[in-house]
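First up is the structure itself, then whatever we jot down about it.
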């Protein structure tokens, strides 16, 4: 079996919504068995996140209200790619904006598809060390609070199901193999 | 700082799209500073995934075409919760449908938010052992192929950035702490 055995030919693509964060398309596809089906597709420009470690073996998390969940959750600093922006530049920018931290020794931890069933979003993952700290520069509609947590504690919070954000879990679990 | 410092009051919620897989709402919210903003919210009924291990220390992956990405990727068996369905029942059902495998010794690996910035989707994670194997029972518009991979190889594929699905990375990284 190769790629073409599963290929879905797009017959029609209808733009349902064009937003600030995402677009929604309703695609009509021809399946491998010749039947017609629809695919609901969220188009997203991609995002970055960064696990920043202090010299004191802490990881920098941010506590942020998520309207989707109607509650605050803990995540690592993250944000959308701006148009044409290189992922590493976005990671440095988001870390500075959300925490005031200038990072150093940035390393890639790969990239992930967060929900490939309906979204094309890719998140590029980075780690870094904290170099220096200045003031936060949040977006106008962004409210969050940096929280410094010992890395070992954060790892336990992932294993014990106290941190639920997927990108945050992955970065912490991957870093645990390297530090 | 507590929860209410960040709370976003919903002023209006407009249904943009009602689909098979997801709904899209455009919410108008009042921010903590009194300003008005909008939130683009994907509503999803939640999903499950299951990392099934064979007695031969293999993990069962599925190779599946994802229209969102226009390519096939490797994931663990997964699928949407049906209305009112208990996550563990859904995990057993999806594993059987997508691979023909009846699992045993199911254990929870917690739950994750995959993209809390715009989606309320929760995925419940499970591991299990392979008990017996029968025929696959795929949905009419579902085409995929089970792939058995040594667990150590799958772990290397996560670390070396060859498996990119977030839920799959998390289950493999978490299982690596237990087996």
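Worth a mention:
- Within 10 Å of each Cβ in B:118-127, the average number of Cβ atoms from other chains: 4
- For the protein assembly as shown, the spread of Cα positions along each principal axis, largest first, Å: 59, 45, 37
- By average C-beta atoms within 10 angstrom, highest first, the peptides B:42-54, B:140-152: B:42-54, B:140-152
- Per residue of A:141-148, other chain Cβ atoms within 10 Å of the residue Cβ number 3 on average.
- Over segment B:1-56 - Rg/Rh using Cα atoms and the Kirkwood inverse-distance radius: 1.27
- Convex hull (Cα only) mean projected area of chain A, reported in nm² to one decimal: 12.8
- Cα-based shape type of segment B:64-134, given that a ≥ b ≥ c are square roots of the gyration tensor eigenvalues and the cut on a/c is 1.5: oblate
- On Cα atoms only, tilt of B:87-99 relative to the major axis of chain B in degrees: 50
- Averaging 1/r over each pair of different alpha-carbon atoms in segment A:116-179 and inverting the result gives 14.4 Å, the Kirkwood hydrodynamic radius.
- Averaging the Cα positions of each part gives two centres, and for segment A:34-93 and segment B:1-67 these lie 13 Å apart.
- Inter-chain Cβ neighbour average for residues B:152-158, partner chain, 10 Å: 1
- The angle separating the long axis of helix A:166-175 from the principal Cα axis of greatest extent in chain A is about 60 degrees.
- For a label point 7 Å along the Cα-to-beta-carbon line of residue A:82, residues of segment A:43-62 with backbone N under 18 Å: A:45-50
- With only Cα atoms counted, segment B:93-141 has Rg and Dmax values of 13.7, 40 Å.
FYI, it's all coordinate maths here, none of it is from the lab. As the structure is a prediction and not an experimental result, all values here were calculated from the model. Quick reminder, even Gly has a Cβ in these numbers, built from the backbone with ideal geometry, and neighbours come from all protein chains shown.
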